[in-house]
Structures are given as structure tokens and as C-alpha cells.
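K.L.:
Please read through the structure below; I'll follow up with questions.
The values are calculated or read from the model by the stated rules, or taken from the named source; none is laboratory data. Just so it is clear, the structure is predicted and the values come from calculations on it, not from any experiment. Ideal geometry is used to build each Cβ from the backbone, glycine not excepted, and the neighbour counts take in all protein chains shown.
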Amino acid sequence: MVPHPFRVERVQRETADTFTLTLEPAAAGIEIRYRPGQFNMLYLFGVGEVPISVSGDAASPVPLLHTVRVAGAVTRGICELGRGGTVGVRGPYGTPWPVEQAEGSDLLVIAGGIGLAPLRSVVYHLMAHREKYGRVAILYGTRSPDDLLYRSEVEQWRGRFDLDVDVTVDHAGLNWHGRVGVVTTLIQQAQFDPDNTVAMVCGPEIMMRFCVRELEDQGVDLGDIHISMERNMKCAVGFCGHCQFGPEFICKDGPVFSYQRIADLLDVREV
Amino acid sequence: MAVVEKSKPKIAVWKFASCDGCQLSLLNCEDELLNLLGEVEIGYFLEASRATVEGPYDLSLVEGSITTPHDAERIHSVRRRSRHLVTIGACATAGGIQALRNFQDVEEFTSIVYASPQYISTLRKSTAIADHVKVDLELRGCPIDKGQLLEVIGAFLAGRKPGIPSHSVCLECKRQGTVCVMVAHGTPCLGPVTQAGCRALCPSYSRGCFGCFGPMESPNTASLSDRWRQLGEGNHNLIRAFRTFNAYADAFRKESEALEVLGTRDAR
Amino acid sequence: MPDKGEGNGGSFTVSVEALARVEGEGGMWVAVRDGRVAEVKLNIYEPPRFFEGFMRGRRFNEAPDITARICGICPVAYQMSSCHAMEMACGVVVDGPLRSLRRLLYCGEWIESHALHVFMLHAPDFLGYESAIHMAQDHPEVVQTALKLKKVGNDILALLGGRAVHPINVRVGGFYRLPSKRQFAALLEPLEWARSACLETLDLAAGFDFPDFEQDYEFVALRHPDEYPFNEGRLVSDKGLDIDIEDYDAHFEEIHVEHSNALHARLKGRGNYFVGPLARYSLNFDRLSPLAQEAARRAGLEPVCRNPFKSILVRLVELVWACDEALRILGDVELPTTPSVPVEPRDGIGHGCTEAPRGILYHRYRIDAEGSILDATIIPPTSQNQPTIESDLARFVEQNLTLSHEDLTWQCEQAIRNYDPCISCATHFLELELVDADAEGD
Amino acid sequence: MVVVAEGLDRLFEALRRREFTVVGPTVRDGAIVYDELESAADLPTGWTDEQDGGHYRLERRDDEAVFGYVVGPHSWKRYLHPPFLRLWRAEKRDDGFQVARDEAPRKPYAFLGVRSCELHAIAIQDRVFLEGEHVDPIYRERRENAFIVAVNCGQAGGTCFCVSMNTGPKASQGFDLALTEVLEDGRHYFVVESGSDRGAELLAELGGSEATEVELTAAEVAVKNAVGQMGRSLETEGLKELLYRNYEHPRWDQVAERCLACTNCTMVCPTCFCSSVEDVSDLDGEGAERWRTWDSCFSGEFSYIHGGNVRQTVKSRYRQWMTHKLATWYDQFGSSGCVGCGRCITWCPVAIDITEEAAAIRLDDRPSEQ
Ligand SMILES: Cc1cc2nc3c(=O)[nH]c(=O)nc-3n(C[C@H](O)[C@H](O)[C@H](O)COP(=O)(O)OP(=O)(O)OC[C@H]3O[C@@H](n4cnc5c(N)ncnc54)[C@H](O)[C@@H]3O)c2cc1C
Ligand code: SF4
Ligand code: SF4
Ligand code: SF4
């Protein structure tokens, strides 16, 4: 439970407040092998520690990629480190997206805002194993065009004939020629077989709720919908108790849950 | 990368109506003061130095409440010259003990004015700094705890969020293993509605908390008042309990006013 | 030299808008016309806080906690004076080991307060620094000693009082809870170190340059049959005053002057007087411990000292004594069986006068049978010294008209700092003028 | 085995010889608390406690019983899962920083006077810290080395309900030694049972005699008495499902009117394990530390995520706590999170009573609409 020092090799600016860090272990022999959807605890010396999903390709765990949005002191400090800086990393923790179970099905990857970060590993995975899946749609929504993550990469995905990539924004600017509207509208237009589809959804809780409702309307089984949850986390291993959500510990039973498992709790306020 | 000599952050300490105790807490950091002086530049701290450095200041610590028209002006100029402004102590965060005047009837107070000529000008109310300007952080206590003061300065230097919890005194009391004075001795205690920070000092001296750190984050003062009554305290004792060093902090003020409405029946 | 008159015939003013290294907010203003000091004002603009006003209607046992908030530098003094006053009103005497522990607590405050003043507020004047912070660059060891010494005082306060500023363990009748023997024993070693550190510093400070400035003050202090005074004694002066503290009112008066938010105190029919270390020392030299007396002599002090600039030496002598006294108390104190004696309110008047680090602090309360405070009077040392400070300034400026303006200003400030004035204390009184409600807010 | 009262001195000696730090009950500040003990003289001989909701008083007994009280405000988690703990310290280096764990060797604890409900509480925390995917090394080190001397309850307190929770009053497992104190016919002795090899070995050093039928019966009777004295009871049948279907019950609003969110109940609960970490830094920025401290689901910050607290209302915090104790705990760790020790009832300043709250919901079962 002690963080290992990792060196910042590169800081890529994604949006005004979001950065992707490329991290290499500072000492030999440290390697964090993870699966898509898992997260690490990132420690900024003397400042604090926060959970951040891995946003890289799980097949090549070095270097480690994390996409961080500035929310407060720790995330700001991490984003300001710059090349050569050091972050402490411990992990990986939590449950992964069920990419193996989804083999043979159509796949809906639905992201809102920063929610694309933990799903990018899924995209890498399915591009590497494209033949194992049916139709694949990546549906991505943000508040404005300026909030889109991984722009050029998303463009590349869009260019692939074996992926349906659809992007929408809530509020368009002058230079936006794409879709405008909430991400749920993309679901209505996506091509998938509701009886044989696995959906992976990540974004603000309210956005996930609406997506689930839409998917349900389209006939997707609640057990085939997976979402990633966020709660306060101090230890990431189920000791500190902060991340409890009813009977679940978000850190070890989640963050990725099948919707069915937590549906009842999501209906109750302030669980 | 070019090595740039980082200039030390400038700290200023300002005083309004107060007892000086909170700023003294800074000088009372005997073990850390010299280290601290290695990390910061004292730009303005009259209690300690006749030398002053021009602003703007990176961190201003403001002690005391606003009680005069002149001070009501001065605090704006302090704010303008401060990048971060932290209030220290009950006076600065809630008006202090001198806010007891706020409850006095104006007529009543003028009637006790002495016959001798008046040269003082003062405002009707003693108010918190946050009632006048934007405050970045409030440090509670009458006086503040020097450990918390160091935490704020240390966090400021490190760029982290200071660990200043807003939960009750009870949590600290229990962590320390102190025996609850209310449950085990029947001593009325404001600990359950008071914000932690003092390391639950009074109960550790077998005394009930009298609320010098002001209300905690979700203070259920009405429920505690009920309990005090069960322990035999009359409403007027309760009113006095809520009206001491943080009398004008919202939750305490409202409770004392509600109790006043209830009447001052005394169970003594 | 700038705006300074040429020699004796000039007219100019010496003013400092905000005095530094004093507790609280004040300024000074000295006007010189044709080589004579025409006007002196110690301008105390620290806002008044009306303690005596809102003490009315509070319960008698709240006085120690509430009045402590008058001053964060000497809260114990307020707690002691109010406890004694309330105990007198209720007809209770706190004696024996509890009394000794109160003295021990007071030692803690003296050590803390004197160490702060001597090293961090006053010494920089003699050594030519703007502050102890600046002094620390050239003399880190002095500042380290200062801090360590202060800490010894604060440790006593923290152990017996709960914390250094506004202790929570003092009550009418004694304490809430007593520390253990083992905890007390831990104070011994640091106190022994402190005592020798003070002795060494005294020898050093004896070599400072002191302006030649002997004045004919009327010294007023407590005097106790066999102790150097803290909590009890008669009020005496070197000009014949010798009264019970209950008669304070008959002999002293407070007046309000325009330029100050603090009241001025005077001896009725006689005028200015002087309280504080110099007065205490000069009236009680024979009550000091042999070690402290010996140290005073070595530092070149006579048993009576009339030069306020030498108050730094006298404070050091008192520091030696306070360490000595604390060690004596710790050496033979038996822990009391209960932390306090019961005090039941009754209809009455109580007076308390104790020796705060800066001089006598007088409290008087009238309470009713239920223990409600009917009225309160609190006269802190700085109010009492204010007229004397002003007259010192006048004489000092007159004697030093040849100094550069800058030096004169600094030395005037120093002349004020001789008194270690505590301005927060001085502005606590009752009168209040309300400005128009419309002027409120921003 | 039967050991006379003086045998406690020999017990201390034997534990001392084995280099244990003995922790047990002692009287301090008007309560019986757990602390490090020097000798049997530190034990609360002749004292008892009177307990009710929000009420605790230390009282003199009219006999010399050593363990004639119930449980106080402290629990053993203070030692196994301490309230303040430095997890590590890190120093800045040219190439980043280096973390050093605190690995100071410490003497193992011997816990003296552990009640049956407390043994169950320890077993519950074992499940949290030792039996999951991750193991807490600090807890493990303290726990594995601890020597446990249990005491069977000869009387129950005003807020006890271990019988309802199936956790007492007699210790059935998880101890090295278990004592039953008997004061009868002018005799004062302990019937001692060993629960482990090292317990048996130590027992042999206490100079006892084989227990007679009469003595064994006396011990049994003492424990039986306790069963009949439970001050509280809690119906556990279907409790988990009951609470799961009553997330929106109006009772939560009612209890929130009284609840102070003061955290006392969680602090005194022997199974509550929540903690926080605090990252602190030296003023010069060269060193940093991480501390772990007890935390509580009653505090607002506990559930803070960027933008606000998830559990804003006191209602939701109380519901989280009680539902955790009595329902979600089963799903998380396979048992109740409550052992019926009654501490949360006694030490709640406003006398909120978990048994009463559960009963109220049961009485007015209102499954929330889905
Ligand atoms: C499983 C998981 C994965 C995450 N993945 C990412 C990611 O890939 N990229 C990203 O930018 N953010 C991610 N977050 C959110 C990120 O953890 C928070 O933004 C971060 O904790 C804010 O910390 P702060 O100190 O900068 O902000 P502050 O708002 O000052 O937060 C103070 C403290 O509150 C807690 N806290 C605040 N917000 C959150 C939160 N949303 N979740 C958990 N604890 C919080 C933390 O302990 C934090 O140190 C993830 C959160 C979780 C739980
Ligand atoms: S216990 Fe209460 S009154 Fe006492 S120091 Fe702490 S906050 Fe102040
Ligand atoms: S919930 Fe209450 S009764 Fe149950 S174990 Fe915790 S403190 Fe004891
Ligand atoms: S239930 Fe009682 S002890 Fe627990 S938080 Fe509420 S008031 Fe405090």
C-alpha cells in the first residue's frame, strides 16, 4: 500500500483542464499490469492521493497512461508536474470492464466527458481483438467541442470501417459541424442487436442513468449494461469504508458494475 | 530546464478587534518558527516587526472582527492586497466575544453610556470578516490551535488542501480515548455541535466543551439543547452557553434566539 | 537630515502611525514647538470591545473564561484576578497546594510573556534590528534561546491550563483537573535550563547601551508579607500608598481622553503612577529569591531602578525569579486531593488584584445571590501606565532634540516598548457611542 | 482449572515473562477504560458500571469482584486498529522521493478481560482486514501476536443484547484463556479454560487446581444469570431484508431530528473500522507523511466527491450506519456488523438506540416503491 515513484515522461494536453500523463517506473522491476477499467491511486508528494483510471493499452502496461482532469489540489498538482516530475503510483485496483464476457456480442461503448478515459482501454482492447466482437459502436458526448478528449485519436477510430464512432456535444460552437444533443440520442441511432449487446457506460451519474433508461427501452438486458462508479476513496482496498455504496465497496466490488447489481441502490438518494 | 530562484511567499498578519491571542499563536510555534521563516517572508506583522514589506501578499492571516467604520474600510484594502486570505480565530470568523453586543438592544446600550464625553465611534455590530470580503479559508477557535495554523501554512506552501476537518469535537475526543463527560459524568458539553480542532481539550480536562471552535458542519443544536434540559439545565443557561465566543456564528445564534423565544424558564 | 528642526529652536512632530512590537493597535504623536514638547499623544485606536458591558448578566463562574479573552498575551492574569474577585465575593479562600499551583501557572505566563518581550520585542531595539526575525539572521542562537524559553513558559501553561492562550483549566475555586505527578516532574529539567539561560542572558544584556533616563515615578505594586507578589498582597507605593485592594476605588480613578480608546488611570489627587516590572521590583527587591537578587546586583541593578530602559534587565531578573519560584513549587508541592474547592454564589462584592506581567490588574464584581454579575470593573496595567508613558515621551523627546528624526522616532518607540504595553487589554471598557446605522456595512 | 483471586498476579507475571504488554480494564475519569496495566492492582476491583441510553455511571460494588462490570467506552480496536497511525514517511530525493514504512518492532499485546461480544467483534474485524483480497499488515502484526484472556460475563448491562446477536455472554472460541469469575459463599475464584496450546501452557503456571463439579456449576450459573439480564434485545430474523426494503422509511427522518451526527456511536463500536488518511508535509517541503485516523460515516467529508458530499443529510448518514451494521455487513463480510455490546446506545449523547430504531421499522414495515 506504499506508492512507487513513477516518472512523468510526457504530458499531453487534451482540453483546457485535462491532461494525459505518460508514466514510467522510476526504479527497475516495477510493472503495473492492469485490465481495462481498473484504476491506480496516484500520489503527489506531500499533497495527497487520488483514484485515477488507467487510460492506456492494457496489453502494453509500460508506459502507464492516465488522463486527469483538474478538479482540486491533487489533480491540479499532478497536471502541473511536467516532464521529469514524479508521481507515486499504487495499483491496479478494482474490477475491469467485462471485455472477455462480451466476446461474441455487439458492443456499445458510451462515454460522457472524462468518462472516455477509462473506456479508452476498452477501445484499444477491442481494436486488437476486433474479430471477437459483433458490431461495435463508440458513442461519445461532451458538453462542448472544447471538452472532447483524444480528438485526433477519435478521428482515427472514426476512420476505421469496423467501428461506428459517433460524437455529440450539448452546446456547439461556431466551428462545430457535428451532432448536437445529449449522448442518449446517439443510442437511438446506433446499430446493435438488443438481445445480444453488451454496453459499457461511463460518465456523470445522471448521464449514466439516462443512458441506461434508453438502453432498457431499446431492449438491452440490464445485466448486459455495465457502468463505472465514483465515490470518495482513501485506501482503494476496502479498508477505509469511504466508498461504500450499499453493500458494495466501489473500490473492490467496482468501480465497474453490471447495472443490474446496483440498480435498486441507484434509485435511492444519498446512499 | 532553467533553475529559477523561487521567491519566498509573502505572509502578512492583520489585526482587527481582538485579543491578539491568535496571532500570538504564530509566535508560539516555538519549534517551527525558525523553519517557517526559512520558507516565507514576513511582509507585515506588527506584533513582531516594525519593518514592513509592500504588498501584495501571498497569504494574509486576519485576526479580529469588524467593529468600526474605519475597519470596515480597511478590510477591503487588506483583501485587495492579498492573494489568499485566511481568517484566524472566533473574532474573525464569527465576530468573537465582542459580538455579544449584537444581541443588545441599542436603547439599552446607549443608556449605560457614561456621562463623560464620547470619543469613540463604533459599529452597532461586531461582524465576521466574511461578512465584508471574500475569505478563502476560516480557521476556527478562541484561540486557534497552533497545530492547525501550521497545517494551513504548510498546506499553503505545499499547494495542498489543508486538513481542517469540520466534524464534531466528539470524533477527536473519542480518538483520544477521553471518557465522555456528558454520558459518564452528566456534565453539559457542546462538543457534539462544535467543530473539532482543539484535540477535544476541555473534556480531556474533565470539563464540558463550551464551543470555542464554533458550530460543526451539521450542528443539531436543538437536539443537544433538549438533552441539556434533561440534564437539568434551564433555557437561560443554554442561551448563555450558545452565546459566548461564537455567539454570532449562524447555528449558535439561531439556537440562542430560538431558546429566547421559548422563554427563559430556569430549571435550576 | 530631513524634516527635522535645526537644533533646539525647531518645530516638528515625531509620529508613528502604527506601533510595532506591542500588543494591540496604537500610534504615537509628539509635537515639538520651538524646542519644547507641546503635546504628546499615545493614540490607542484599537477598537473597544465592551467587556464590562456584556459581563453584566453572566454567571460569576464565567468571568475567568470571558475576561481571559480581553488579552491573548496575559490571559492567566485575567483568570487569576477574576477568580480571586469572585472567591472574595463568595467568601471562599483557595489555599494550600491549589494556591501554589496557581502561582505555578502564573510563573508560566510570566516566563512566556517576559521571554517574548525581552527577546523578541525589546532586545531588537538595543541591538538595532527591526525585529527578532531580522535579528535571527545574525544571532540565530539568541532567537533560539528566546523560543526555547518561551516554550518552557508555554509548557507550564499547557500542562496546567490545557493550552497556552486562553487556558481552559482555570475555574473559580481552583482547576478542573490536575495533571499527574509524573507530568509535573517533566517540567523540572526544562525549567532548570531556563533559569540558567536567563542568568546568562542577563549578564549579556547588562552590557547594552542604556539611555540616561532616570525618572521620579510613583511606583505602585502589590506587596505580600513573604512572597514576591503574584496573586495577593497590599497595594503599596514608594510615596506612601499602602492600602487593601478593596480600597482601590477610593484611591484611583479612570478618565477618558479624546485621543485614545483606552481609559487613563490616575492616583486620586496625585496623578500619574507606574506599574509593572520596574515598580514590582523596586518595591519588592527584598522578596526576590537570593539567586535573583544576586543576579540583579551582578547586572549592575540597584534594589530600586528608575530607568525604564533598564526594564529589560528587570524583566530578566523576574524571569530568573519565576523559574526559581516554579522550581520551588514543583519541588515541594503536594498534589491537592481535589482539583477545586466548591464555591457557592452569594450576594456580594469581590475585588481581585494580581500582578500581570505588565503590572497590577484590578477586577471588581458585584454579584447577586444567584451568581449573576451585576456589574464589573476591570483596570488593566496598560491603562494605568498610559499617562506615564506619555510623560516619558515628552521628557525623552525634550532631552534628545539633537537626534536625527529617524533615531528619535525609533527611540520614542523604544520608550513606549519599555512598558511592554498591552493595548488589547487597555481597550475593554464600557462606554459606547453608536454611529448611525446607515454607516454600517461596507 | 480453578485459580484463586491472587492467581491474577501470577497471570501478570507469566505474561510479563513472555514479553507481552498487558492491556486491560482500569478505572479512569469515572469509567472503566482499557489501558496498559502494570499489575492486578490496576484492575477495577470492586467497581461496576450502570448503563442506559446516553447514560453511564461508575459505581462501587458491595463485593470485590474484579470483572464485575460490563464494557466501557473503549474497545480492543484501539490497539488492533489504532485511532492514529503513521503509515509511512517519505523524503524528497533528486530522483523523486523515497518512502520508508514504519517498521519499529513492538512488544505484542496481551488483552486481559475480553468479553465474548468483543471476541466476536475482533473476529469481524479479522474478516475486514485479514480475510479479503488485501491484508492489512499493521492489523495482522498486532492481531496475530496478541494473547487473549477472555472473561465470561457474570452480569449483563442495561444496554447489552449479545444474546440476540448470538455473541455471548460466554466465550466460545478465539481466546487463549477464558475466565469465569465466581464470588460465592465467601470464596472468590476463577474457573479458567484454555483455548490454545500457549494458553494451556500458561495456565499451568498459574498454580490452580482441577475444577470441581460444584465450581463448574457455579461458573455456569453465573453466566446463565447474565443471559437473563440483557437490558436490550434485537429481533434479527429477516433483519437484512427488512432494512433493504425500507431505505425510504419515515423513521429515518425522525431519528435524524435527534441524531447529532457527532460520530460517537461509530467511535465506540468495536467493529466499525472506517478510517481516513491524512497526507501531511514538512514546512520545508522535504518530507511528507501519511497518517491513518479513525473516521466516521457520520461526518460530511466522509462521502465528499468533487462538487459536494454524497450524504448531505443526517438522515442518510444514520441510515448508512445502521444499515451497514445490520444489513449490508452480511453481504460484505458474511455476518452481522453488530455484536450487541450496547456501546453505541450508552455512548450516544442523545440516547439513540439501535435496537429501538430497528424495532420501530419492523413494526411499521414499509417497502419502498421500486
Ligand atoms: C474509480 C475512480 C476513477 C477515477 N478516474 C479518474 C480519471 O481517470 N480521471 C480523472 O480526472 N478523475 C478520475 N476520478 C476522479 C478523481 O479521483 C477526482 O477528481 C479526484 O479525487 C479529485 O481530487 P482533488 O484533490 O484534485 O480534488 P478535490 O475536489 O479537492 O478533492 C479532495 C479529495 O476528495 C476526494 N475526491 C474528490 N472528488 C472525488 C472523486 N470524484 N472520486 C473520488 N474521490 C474524490 C479525494 O480524496 C480528494 O483528494 C476517478 C475517481 C474514481 C473513484
Ligand atoms: S473542547 Fe470546546 S471549548 Fe474546549 S477548547 Fe475545544 S472547542 Fe474550545
Ligand atoms: S452497533 Fe452498537 S451494539 Fe452493535 S457492536 Fe456496534 S456499538 Fe455494539
Ligand atoms: S446516533 Fe448518537 S452517537 Fe451516533 S452520531 Fe447520532 S447522536 Fe451521535
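K.L.:
Restricting to region D:344-361, what's the tally of residues that are closer than 15 Å to B:Arg227 by Cβ and aliphatic (A, V, I, L, M)?
P.N.:
4
K.L.:
Could you please find all residues in region A:95-151 being of a type in the set (Ser, Thr, Tyr), surrounded by fewer than 24 Cβ atoms within 10 Å (Cβ to Cβ) and at negative phi?
P.N.:
A:Thr95, A:Ser105, A:Tyr124, A:Tyr133, A:Thr142, A:Ser144
K.L.:
Scan region C:149-174 residue by residue and report those that are closer than 29 Å to C:Gln414 by Cα and within 7 Å of another protein chain (Cβ to nearest Cβ).
P.N.:
Answer for region C:149-174, where residues must be closer than 29 Å to C:Gln414 by Cα and within 7 Å of another protein chain (Cβ to nearest Cβ): C:Lys150, C:Lys151, C:Asn154, C:Ala164, C:Val165, C:His166.
K.L.:
On to the next question. Please work out which residue is nearest to D:Ala121 (Cα to Cα), limiting yourself to region D:236-276 and to residues that are within 14 Å of ligand 4 (Cβ to nearest atom) and among the polar types (S, T, N, Q).
P.N.:
D:Thr266
K.L.:
With respect to A:Gly241, is the statement that it is within 16 Å of ligand 3 (Cβ to nearest atom), in contact with a Ser or Thr (Cβ under 9 Å, 6 or more places away or on another chain) and under 19 Å from D:Trp329 (Cα atoms) true?
P.N.:
yes
Table: residues versus (1) polar (S, T, N, Q); (2) more than 30 Å from D:Asp136 (Cα to Cα); (3) more than 16 Å from ligand 4 (Cβ to nearest atom); (4) within 20 Å of the chain's Cα centre (by Cα).
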{"residue": "A:Val2", "(1), (2), (3), (4)": "no, no, yes, no"}
{"residue": "A:Pro5", "(1), (2), (3), (4)": "no, no, yes, no"}
{"residue": "A:Thr20", "(1), (2), (3), (4)": "yes, yes, yes, yes"}
{"residue": "A:Tyr34", "(1), (2), (3), (4)": "no, no, yes, yes"}
{"residue": "A:Asn40", "(1), (2), (3), (4)": "yes, no, yes, yes"}
{"residue": "A:Phe45", "(1), (2), (3), (4)": "no, no, yes, no"}
{"residue": "A:Ile78", "(1), (2), (3), (4)": "no, no, yes, yes"}
{"residue": "A:Arg83", "(1), (2), (3), (4)": "no, yes, yes, no"}
{"residue": "A:Leu107", "(1), (2), (3), (4)": "no, yes, yes, yes"}
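K.L.:
Within region A:42-75, take every residue that is in contact with a helix residue (DSSP H, G or I) (Cβ under 8 Å, 6 or more places away or on another chain) and polar (S, T, N, Q) and give me the one that is nearest to D:Ile305 (Cα to Cα).
P.N.:
A:Ser53
K.L.:
Right, next: With region D:54-138 as the region, which strands (runs of 3 or more DSSP E) entirely inside it contain at least 3 residues that are over 15 Å from the mean Cα position of the chain (by Cα) and more than 10 Å from chain A (Cβ to nearest Cβ)?
P.N.:
Because the criterion is at least 3 residues that are over 15 Å from the mean Cα position of the chain (by Cα) and more than 10 Å from chain A (Cβ to nearest Cβ), the strands (runs of 3 or more DSSP E) in region D:54-138 that meet it are D:55-60, D:84-93.
K.L.:
If you don't mind, another one. Between C:Asp286, C:Asp226, which is under 29 Å from C:Val93 (Cβ atoms) and not in a loop (DSSP other than H, G, I, E, B)?
P.N.:
Answer to the check: C:Asp286.
K.L.:
Within the set of pairs 6+ apart or on separate chains, which have a first residue in region B:156-172 that is more than 7 Å from chain D (Cβ to nearest Cβ) and in contact (Cβ under 8 Å) with a residue 40 or more places away in the chain, a second that is within 12 Å of ligand 2 (Cβ to nearest atom) and not in a loop (DSSP other than H, G, I, E, B), and C-beta atoms under 8 Å apart?
P.N.:
B:Val169/B:Gly191; B:Val169/B:Pro192; B:Val169/B:Thr194; B:Val169/B:Gln195; B:Val169/B:Pro203
K.L.:
For region C:186-197, indicate whether the set of residues that are at the interface with another protein chain (Cβ under 10 Å from one of its Cβ atoms), in contact with a helix residue (DSSP H, G or I) (Cβ under 7 Å, 6 or more places away or on another chain), buried (at least 22 other Cβ atoms within 10 Å of the Cβ) and of a type in the set (Gly, Ala, Ser) is non-empty.
P.N.:
No, region C:186-197 contains no residue that is at the interface with another protein chain (Cβ under 10 Å from one of its Cβ atoms), in contact with a helix residue (DSSP H, G or I) (Cβ under 7 Å, 6 or more places away or on another chain), buried (at least 22 other Cβ atoms within 10 Å of the Cβ) and of a type in the set (Gly, Ala, Ser).
K.L.:
While we're looking at this one, here's another question. For region C:110-180, please list each of the helices (runs of 4 or more DSSP H) lying entirely inside it that holds at least 3 residues being among the aliphatic types (A, V, I, L, M), at pLDDT below 90 and away from ligand 3 (no atom under 16 Å from the Cβ).
P.N.:
The helices (runs of 4 or more DSSP H) meeting that bar are C:132-138.
K.L.:
Which one of these is at positive phi and of a type outside the set (A, V, I, L, M, F, W, C): D:Gly154, D:Gly132, D:Gly186, D:Gly199?
P.N.:
So the residue among D:Gly154, D:Gly132, D:Gly186, D:Gly199 that is at positive phi and of a type outside the set (A, V, I, L, M, F, W, C) is D:Gly186.
K.L.:
Which members of region A:15-48 meet the condition of being assigned to a loop (DSSP other than H, G, I, E, B), buried (at least 20 other Cβ atoms within 10 Å of the Cβ), touching a residue at least 24 places away in the same chain (Cβ under 8 Å) and within 14 Å of another protein chain (Cβ to nearest Cβ)?
P.N.:
Answer for region A:15-48, where residues must be assigned to a loop (DSSP other than H, G, I, E, B), buried (at least 20 other Cβ atoms within 10 Å of the Cβ), touching a residue at least 24 places away in the same chain (Cβ under 8 Å) and within 14 Å of another protein chain (Cβ to nearest Cβ): A:Gln38, A:Phe45, A:Val47.
K.L.:
Hey, among the residues in region B:175-214 that are of a type in the set (Lys, Arg) and within 22 Å of B:Leu139 (Cα to Cα), which one's nearest to the other protein chains (Cβ to nearest Cβ)?
P.N.:
Out of the qualifying residues, it is B:Arg175.
K.L.:
Between B:Phe213, B:Phe245, which is aromatic (Phe, Trp, Tyr), out of contact with any Ser or Thr (no Cβ under 9 Å at 6 or more places or on another chain) and over 19 Å from D:Pro349 (Cα atoms)?
P.N.:
From the options B:Phe213, B:Phe245, the qualifying one is B:Phe245.
K.L.:
Out of curiosity, is B:Ile153 more than 30 Å from D:Asp52 (Cα to Cα), within 14 Å of the chain's Cα centre (by Cα) and more than 10 Å from ligand 2 (Cβ to nearest atom)?
P.N.:
It is false that B:Ile153 is more than 30 Å from D:Asp52 (Cα to Cα), within 14 Å of the chain's Cα centre (by Cα) and more than 10 Å from ligand 2 (Cβ to nearest atom).
K.L.:
Scan region A:104-119 and tell me whether some residue there is more than 16 Å from ligand 1 (Cβ to nearest atom), charged (D, E, K, R) and in a loop (DSSP other than H, G, I, E, B).
P.N.:
Within region A:104-119 (the criterion being more than 16 Å from ligand 1 (Cβ to nearest atom), charged (D, E, K, R) and in a loop (DSSP other than H, G, I, E, B)), the answer is no, since none of the residues qualifies.
K.L.:
For region D:232-260, which residues satisfy the criterion of being farther than 22 Å from D:Val70 by Cβ, surrounded by fewer than 23 Cβ atoms within 10 Å (Cβ to Cβ) and either within 16 Å of ligand 2 (Cβ to nearest atom) or among the polar types (S, T, N, Q) (or both)?
P.N.:
Listed by number, the residues that qualify are D:Asn246, D:Gln254.
K.L.:
Out of all the residues in region B:9-58, which are free of Cβ contacts under 8 Å to residues at least 40 places away in the same chain, polar (S, T, N, Q) and buried (at least 22 other Cβ atoms within 10 Å of the Cβ)?
P.N.:
Listed by number, the list holds a single entry, B:Ser49.
K.L.:
Now, a different point. I'd like the residue in region A:49-64 that is within 10 Å of ligand 1 (Cβ to nearest atom) and closer than 28 Å to A:His129 by Cβ and, out of all such residues, is nearest to the other protein chains (Cβ to nearest Cβ).
P.N.:
Out of the qualifying residues, it is A:Pro51.
K.L.:
Right, here's the next one. Identify all residues within region B:19-44 that are more than 8 Å from every other protein chain (Cβ to nearest Cβ) and either part of a strand (DSSP E or B) or in contact with a His (Cβ under 7 Å, 6 or more places away or on another chain) (or both); write none if there are none.
P.N.:
B:Glu41, B:Gly43, B:Tyr44
K.L.:
Now, a different point. Within region B:215-239, take every residue that is under 20 Å from the mean Cα position of the chain (by Cα), closer than 20 Å to B:Leu201 by Cβ and buried (at least 21 other Cβ atoms within 10 Å of the Cβ) and give me the one that is farthest from the other protein chains (Cβ to nearest Cβ).
P.N.:
My answer is B:Pro215.
K.L.:
Which numbered condition in (1) touching a Cys at 6+ places or on another chain (Cβ under 9 Å); (2) more than 19 Å from A:Glu49 (Cβ to Cβ) is the only one that D:Ser303 fails?
P.N.:
(2)
K.L.:
If a residue has to be surrounded by fewer than 22 Cβ atoms within 10 Å (Cβ to Cβ), farther than 22 Å from D:Val22 by Cβ and in contact (Cβ under 8 Å) with a residue 60 or more places away in the chain to count, how many in region D:54-96 make the cut?
P.N.:
Counting residues in region D:54-96 that are surrounded by fewer than 22 Cβ atoms within 10 Å (Cβ to Cβ), farther than 22 Å from D:Val22 by Cβ and in contact (Cβ under 8 Å) with a residue 60 or more places away in the chain gives 8.
K.L.:
Across region D:27-53, what is the total count of residues that are away from every other protein chain (no Cβ under 12 Å) and within 29 Å of D:Ile352 (Cβ to Cβ)?
P.N.:
So the count comes out to 3.
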